[in-house]
Structure formats: C-alpha cells, structure tokens
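Participant: Okay, here's the structure, questions in a sec.
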Amino acid sequence: MRTTTAALAAALLTLPFVPLPASGAAVSGPPMGWSSRSLGCSVSEASVRQAADALAPLAPAGYRHVIIDDCWLAAQRTGGALAPDATRFPSGVKALADYLHGKGLKLGLSLSAGTKACSGGGPGSYKSEAADAEQVKGWGVDYVKYDWCNIPAADFPGQNVQQIAQTLYPRMRQALGDAIAFAMNNEDGSTVPWLWGKDTKATTWRTNVYNKPISDSYPTMVDIWEFNQLRAEYAGPGSWADPDLIQAGRGGMTDAEYRTQVSLWAVGASPLILQSDPAKAPPAIVANPKVIAVDQDALGVQGRFVTSDGWYHVLSKPLANGDQAILLFNESDRAATISTRLKPARYRVEELWTGAVTTTAGDLAAQVPAHGSVLYRVSVSREQAPPAVLVETDPAAVLGEDHPSVLEPGVEREVVTRVTNTGGTDRLRDVEVALAVPEGWRARARTATRTGRLDGGETFTVKWGVTPPAGAELKDYEITATAAKSTATAVVKVARAPGSGRTYLSDLPWTRVANYFGPVEKDTSNGEKAAGDGKPITIEGVRYAKGLGAHAPADIEFYTAGRCSTVEFQAGIDDEVGAAGSADLEVWADGGRVAHSGIVTGAQPARKVTASVKGATYVRLVATNGGDNATSDHADFADASITCQ
C-alpha cells in the first residue's frame, strides 16, 4: 500500500476542497491533474492506476485529471470502433474510468485529428469524429487531448494548415459536447490555435512553437512562458492558454525554479498538469492552496506585464473579488530588487509562498533570488499589519549585473545589506540587522547594525566584512540578512583567480559552462554525450596534449579578477568528425567580444587566436555555430592558455 508522506499530509491539511464543476460543465478553471507523458509507450493500466493512487491525495487541491498521453490504443479498430491495447489495458477504458471516478478523479485520453495517433501506432479520428466521440463518452472519459498528427493534407487542396485545423478541430469539439474538456494540442504552433481556439470552444490550446514537449530545464521553461505571454490577449474564461506541463518533481530544476514555474503558470491562468510521478511532486510547491486559488480564480483572466526589461518582470492578474495577484520574477542569474507601484491607497499584501502579511501605501519591492519569484495577493484594506519592508543582501552595484559577487578564500570582502520601509504606512522602530553566513565563515560589522527608527521611504545600510575560510571549496554559497521579521538571501561565489604567469585553461576551474552535446572535456575532444568519452585533441592530424573540447554552441567562463592580460589558443574542428562541422571560436572579456577565429571547418587546419583580456573580471571562451546544423560542431580550444600578473 502506498503511504502518504508526512510532508504531503501536512500540506493537505491546509488545502481547501475545490468543488467539482456543476453538471454539464467540463471544468470551472484551467484543468489540473497528471499526464502520462514521461511514461511514453511504457504506459499501462497498472501504471495509470498507480499514478491515480498517488494523485488522489491532491484531488482536494484540484488535481483531478489523469491523462493518458498516447500509446493506449490498439493498432487497429475493432468493428470500426476504437479499442484499447489489450496487453497494456486488459480491463478496458470504462473500468479504468470507473476506478478513477471512485477516487474523485477524472480520466483523460489523447486522440489524433489525423489518420493515426502520434505515438503507439493506433488509429486517428479523421472521418470518425462523431463515432469516436460517442465511444469515449460512453466509456466515461472526461477530457480529450486532441493531437495534430498524421493529417491528410492532400484531402484539403488549396488550404493551409490553419484552415485544415479550423475544419478538423471543431468537428471533434462539437461531437464531444461541452461536458468534456477539450485540449487542442498542436505542439509546433503551425495551426496558430490562439487566434481561433476560443471560437471553437476549446478548453485549452497550446501556445509554444516548439515541436517537442517542454523539457525539465529552466531556460526551456522560461522560453515557453515568454511565448505564452505573447498570446495573453487571446485567452479568457473557459478557453485558456496552455504552455505545457508542470515539471516539479522531475529533478532538472531547483525548488526555486519550480516555484517560479508554478507561479508563472498560476498568474497565467494556465493548466496545472503534472509530468512527474505524482508521488514525487513536492506538495509544498504544487499544492499551495493560495497559489492554486490564483490559477483557478473565477474571473479566469491571464495576467499581463506591468513592466519588463527582459530580465526583471512584474505581472498583474485581476481576481474575481477585486484583489490583484502581483508577481515579481527575476529571470537573471543574480538576486535583484524588483519593484512596482500601485495606485495610492492602503493595501493588505500577502506573500503567497511564505504567508507573510504586510501593508503598503502603494509601493511594493522585494529582493528576488536568481531564477526566483515573489507572488503577492494585494487587496485594498485598512487591516492593521506591519509596513512592507524591503531587505537587500549584497545588492548589485550596477543594474543588470548577472554574476554573483565573488569572494576569494581567506580574503575579506565588503558586503552591503539594506533595509527600506517601502510600505510607508507606519514607522519602524528598533530595526536591527543580522547577517548569517556559512559555517566556518566570518562576518564582521563595519558599521552600526541597529537604528532606532525607520520612516516610510527611509533606508538603513549596514556594511559587513565577510571572509570565507582559506580552505573554502570553490562553489556558490548563500548569505542571508534578517531585519524587521523579513529576510533576503543572496548567492555569492567563492572563486580563485589564476596565478601569475601562463596557465593552461584546462587546469583551472570554470565558473559557468554550457555545451550543446555532453560536457566540455578537459584535455580531450568532446567525444559523444557521456563524460570522459573524448579522444586526444586532434586538428588536421596535429595532436595537442592540452585544451578544451566543446560542442558548439558552447560557453566556458573563468574568473580572472582583472589580473590577466592575454588568452591564446588554436581554434579548430576536431578530427573525430572528419571533414564535417563548422564553428566560430571567440574570446569575450566581461561584456564584449575581443577576438574570434572566424568560421573554421573540419577540413581546415587549426587557426591561432590571441586576445587581450586586460582588466576583465570574467573571461569566456565561446563557440558559435557556423551557420549550418550543429550535429558535427566539435570545437577545440587547443593549447588554450591565459597569462596573468
């Protein structure tokens, strides 16, 4: 028997029961539940029942749909009717639907608008829409994900893909009726469903223009969210934009990044469909009742940008009772202060992830962690609560700085903390600031840590001398300031600049790295995808004992502390790909490119690159694609070295 963890049980104690929609209504808000996508064609009746058992404790929060995403169909129809695969689903679909309904859950199935299913080899619903709709309704299916695969375009001469879709999708929507949720799933965006999905009465319609599902990575999640925001004007109650599945629990992102995805999806009035095993989805992230209430708000409106500069975003979503959800999202790689101003009034402000309640006369601000978000519910209220406070730890000296501050082992560096009375509704008294650092570190206050009062708009600054131990590991650490019952955490990096003289870059630790296929390799070629599978770096028959083997596009960053002068390497495409491949190998000093090889190919000898990096805090080796596909772009920075003082 599966047991509920203590954490899940504790979280569920706070969950309000989300009522099922009234009879005749498919959903009352964006659908919530779980998808079998991660199981692929290993999906089975047993695995779906197991997922349903794990999802059932989340049903009071609204997670009710159990969606089988392909591979459930038999290869052929039986007597013209759809049939489940007898091996994978021996009890049939109706028995599975009954099992789910008995747990307060709902069943979803994928079908294809074309002649075949997208995966698993089953039949599509083309020209069988009415019969298939009656069949799934008879089974008790509550949700249909209607895919866009194997479309017989030749049957529609002179029509483009949008016109064909506007013929085929409405056929199934009308056949199913309004009591079944209808998800239009065109993953590559070719049918532009956001332009007409609402008119078709689609419950949801996909908004990304990727021709593959969302991956469990922060950059991809953000890209898909940005595409989704571009379509906000087309969404509304009963027909919502769908930027794809919730990734929390899969392990590819941090908890802060998963909270950000849930926050962005909630403000976007997006479906909350889990991709991970429901037993692994962290309840503190996916089942926060106040965040879910924002997503499921009866007004059904998608949030819009208030301000955005590409990295720092403020979004607002109006709510049915007159409140607003305000989201501050920091897309960058360093903690940043994000602020916004409401119309003058007295507001109650609740931060929905922490539960902290404050008041403000209109100003809102928070130091938001890198890749993190702060989600407020704001209401006009005379409620008595402390004024909103902005606490900042190690704020960036320059707007837009995306590197964490660097501390060197055994060396004291100044770190600043600030406390601002942003609420302006009352005076703060006896404000004291404390700074928590990792074990073994030293934090010495250089200025006073306490002030007797802080009026609205006033800021109190404390300067600290922070020293990591001489033997500190070279990695990221957190330091946290606390004041007026508020905290702010900043990430700082412990790094060491290269020593004096000439040093091979492959002998130094990098501070950040990205690579197209597999890891960047030290002193070997890139090889394939596995770590350590490279060969000796070889360019047109010449072997190099030292260097970095990458696969373009690649980006390798080193901390140099302004002490270095020159970077040199031999640029080329490794012989392991033969004459294929092309790339441009570059050197960047802080924010600017200072040298590059020009495009080199697998049929050319190595090309010497020398770059001046004098005064740079960071130096990056960058390999860009040569303009064709990236399949064979095994870029070598052979004999790469740096000269420092």
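Participant: Looking at S373, S316, which is the one that is closer than 18 Å to V291 by Cα and buried (at least 23 other Cβ atoms within 10 Å of the Cβ)?
Facilitator: S373
Participant: Shifting gears a bit: What's the total number of residues in the range 70-83 that are within 35 Å of the chain's Cα centre (by Cα) and either modelled with pLDDT under 95 or open to solvent by 30 Å² or more (accessible area, probe 1.4 Å) (or both)?
Facilitator: Residues in the range 70-83 being within 35 Å of the chain's Cα centre (by Cα) and either modelled with pLDDT under 95 or open to solvent by 30 Å² or more (accessible area, probe 1.4 Å) (or both): 1 in total.
Participant: Do you know which residues across the range 182-204 are of a type in the set (A, V, I, L, M, F, W, C), farther than 16 Å from E129 by Cβ and out of contact with any Phe, Trp or Tyr (no Cβ under 6 Å at 6 or more places or on another chain)? Spell out how you get there, then give the answer.
Facilitator: Filtering the range 182-204 down to residues of a type in the set (A, V, I, L, M, F, W, C) leaves 182-184, 192, 194-196, 202.
Still in the running and farther than 16 Å from E129 by Cβ: 192, 194-196.
Within the range 182-204, V192, L195, W196 qualify.
Participant: Select from the range 382-425 the residues that are without any contact (Cβ under 8 Å) to a residue 60 or more places away in the chain and open to solvent by 30 Å² or more (accessible area, probe 1.4 Å) and list them in ascending order.
Facilitator: R382, E383, Q384, A397, V398, L399, V411, E412, R413, E414, V416, R418
Participant: For the range 319-335, which positions are open to solvent by less than 10 Å² (accessible area, probe 1.4 Å) and in contact (Cβ under 8 Å) with a residue 60 or more places away in the chain?
Facilitator: Hits for the range 319-335 are L327, F329, S332.
Participant: A further question follows. For the range 320-341, what are the residues that are aliphatic (A, V, I, L, M) and closer than 21 Å to A361 by Cβ?
Facilitator: Here is the first cut: in the range 320-341, the residues aliphatic (A, V, I, L, M) are 320, 325-328, 335-336, 338.
Hits for the range 320-341 are A325, I326, L327, L328, I338.
Participant: Hey, another quick one. Hey, does the range 556-574 have a residue that's within 27 Å of the chain's Cα centre (by Cα), within 13 Å of T624 (Cα to Cα) and open to solvent by less than 20 Å² (accessible area, probe 1.4 Å)?
Facilitator: yes
Participant: Can you find even one residue in the range 61-68 that is crowded, with 21+ Cβ neighbours inside 10 Å, in a helix (DSSP H, G or I) and at pLDDT 60 or above?
Facilitator: We begin by selecting, within the range 61-68, every residue crowded, with 21+ Cβ neighbours inside 10 Å; these are 61-68.
Cutting the leftovers down to in a helix (DSSP H, G or I) gives us 61.
If we keep only those that are at pLDDT 60 or above as well, we get 61.
For the range 61-68, residues crowded, with 21+ Cβ neighbours inside 10 Å, in a helix (DSSP H, G or I) and at pLDDT 60 or above: present.
Participant: On to the next question. Among the listed residues Q166, Q174, identify the single one that is open to solvent by 60 Å² or more (accessible area, probe 1.4 Å), under 21 Å from P31 (Cβ atoms) and out of contact with any Lys or Arg (no Cβ under 6 Å at 6 or more places or on another chain).
Facilitator: Numbers: Q166 fails: under 21 Å from P31 (Cβ atoms).
Answer to the selection: Q174.
Participant: Something else now. Are any residues in the range 27-60 in contact with a strand residue (DSSP E or B) (Cβ under 7 Å, 6 or more places away or on another chain) and outside any helix (DSSP H, G or I), and if so, which ones? Walk me through how you get there before you give the answer.
Facilitator: As a first pass, look at the range 27-60 and keep what is in contact with a strand residue (DSSP E or B) (Cβ under 7 Å, 6 or more places away or on another chain): 27, 30-36, 43, 48, 51-52, 55.
Once the filter is applied, which keeps residues that are in contact with a strand residue (DSSP E or B) (Cβ under 7 Å, 6 or more places away or on another chain) and outside any helix (DSSP H, G or I), the range 27-60 yields V27, P30, P31, M32, G33, W34, S35, S36, V43.
Participant: Taking the conditions exactly as written (farther than 18 Å from G615 by Cα, in contact (Cβ under 8 Å) with a residue 24 or more places away in the chain, hydrophobic (A, V, I, L, M, F, W, C) and open to solvent by 30 Å² or more (accessible area, probe 1.4 Å)), does A579 satisfy them or not? Show your work before the answer.
Facilitator: Working: farther than 18 Å from G615 by Cα: yes; in contact (Cβ under 8 Å) with a residue 24 or more places away in the chain: yes; hydrophobic (A, V, I, L, M, F, W, C): yes; open to solvent by 30 Å² or more (accessible area, probe 1.4 Å): yes.
When the stated conditions are applied, A579 passes them.
Participant: Taking the range 339-365 as the region of interest, how many residues are part of a strand (DSSP E or B) and open to solvent by 10 Å² or more (accessible area, probe 1.4 Å)? Even if it seems obvious, please write down each step before you answer.
Facilitator: Step one: of the range 339-365, the residues part of a strand (DSSP E or B) are 339-341, 347-351, 357-360, 363-365.
Now drop any that are not open to solvent by 10 Å² or more (accessible area, probe 1.4 Å), which leaves 339-341, 347-348, 350-351, 357-358, 363, 365.
Residues in the range 339-365 being part of a strand (DSSP E or B) and open to solvent by 10 Å² or more (accessible area, probe 1.4 Å): 11 in total.
Participant: If you don't mind, another one. Report yes if some residue within the range 197-208 is among the aliphatic types (A, V, I, L, M), within 24 Å of L327 (Cβ to Cβ) and in contact (Cβ under 8 Å) with a residue 12 or more places away in the chain; otherwise report no. Let's see the steps before the verdict.
Facilitator: The initial filter retains those residues of the range 197-208 that are among the aliphatic types (A, V, I, L, M), namely 202.
Filter once more, so that each one left must be within 24 Å of L327 (Cβ to Cβ): none.
Scanning the range 197-208 turns up no residue that is among the aliphatic types (A, V, I, L, M), within 24 Å of L327 (Cβ to Cβ) and in contact (Cβ under 8 Å) with a residue 12 or more places away in the chain.
Participant: Next up: Of the residues in the range 489-548, how many are in a strand (DSSP E or B) and more than 29 Å from the chain's Cα centre (by Cα)?
Facilitator: First pass over the range 489-548, keeping only residues in a strand (DSSP E or B): 489-494, 501-504, 512-515, 521-522, 537-539, 542-544, 547-548.
Remaining after also requiring more than 29 Å from the chain's Cα centre (by Cα): 501-504, 522, 537-539, 542-544, 547-548.
Residues meeting the conditions: 13.
Participant: Determine, yes or no, whether R88 is among the charged types (D, E, K, R), surrounded by 14 or more Cβ atoms within 10 Å (Cβ to Cβ) and outside any loop (DSSP other than H, G, I, E, B). Give the steps one after another, and end with the answer.
Facilitator: On the way: among the charged types (D, E, K, R): yes; surrounded by 14 or more Cβ atoms within 10 Å (Cβ to Cβ): yes; outside any loop (DSSP other than H, G, I, E, B): no.
No.
Participant: Another one. Please go through (1) outside any strand (DSSP E or B); (2) at pLDDT 95 or above for T307 and return the number of the only condition it doesn't satisfy.
Facilitator: Every condition holds for T307 apart from (1).
Participant: Hey, any hits in the range 592-600 for a residue that's open to solvent by 10 Å² or more (accessible area, probe 1.4 Å) and under 31 Å from the mean Cα position of the chain (by Cα)?
Facilitator: The answer is yes; a qualifying residue exists.
Participant: Name the one entry in D142, D132, D147, D98 that is in contact with a His (Cβ under 8 Å, 6 or more places away or on another chain) and of a type in the set (D, E). Even if it seems obvious, please write down each step before you answer.
Facilitator: Working: D132 fails: in contact with a His (Cβ under 8 Å, 6 or more places away or on another chain); D147 fails: in contact with a His (Cβ under 8 Å, 6 or more places away or on another chain); D98 fails: in contact with a His (Cβ under 8 Å, 6 or more places away or on another chain).
Testing whether each residue is in contact with a His (Cβ under 8 Å, 6 or more places away or on another chain) and of a type in the set (D, E) leaves just D142.
Participant: Give A481, A472, A497 a once-over and let me know the one that is of a type outside the set (D, E), open to solvent by less than 50 Å² (accessible area, probe 1.4 Å), closer than 19 Å to A370 by Cβ and touching a residue at least 24 places away in the same chain (Cβ under 8 Å).
Facilitator: Details: A472 fails: closer than 19 Å to A370 by Cβ; A497 fails: closer than 19 Å to A370 by Cβ.
None of the other options fit; the residue is A481.
Participant: Continuing with this model, one more query. Considering the range 610-645 alone, what residues qualify as being open to solvent by 20 Å² or more (accessible area, probe 1.4 Å), more than 15 Å from D555 (Cβ to Cβ) and in a strand (DSSP E or B)?
Facilitator: The answer is T610, S612, D639, T643.
The values are calculated or read from the model by the stated rules, or taken from the named source; none is laboratory data. This is a predicted model, so every value here is computed, not measured. Neighbour counts are summed over all protein chains in view; Cβ atoms, including those assigned to glycine, are modelled from backbone coordinates with ideal geometry. Surface accessibility is based on the protein's heavy atoms, side chains included, excluding ligands, DNA and RNA. Shrake-Rupley method; radii C 1.70, N 1.55, O 1.52, S 1.80 Å.
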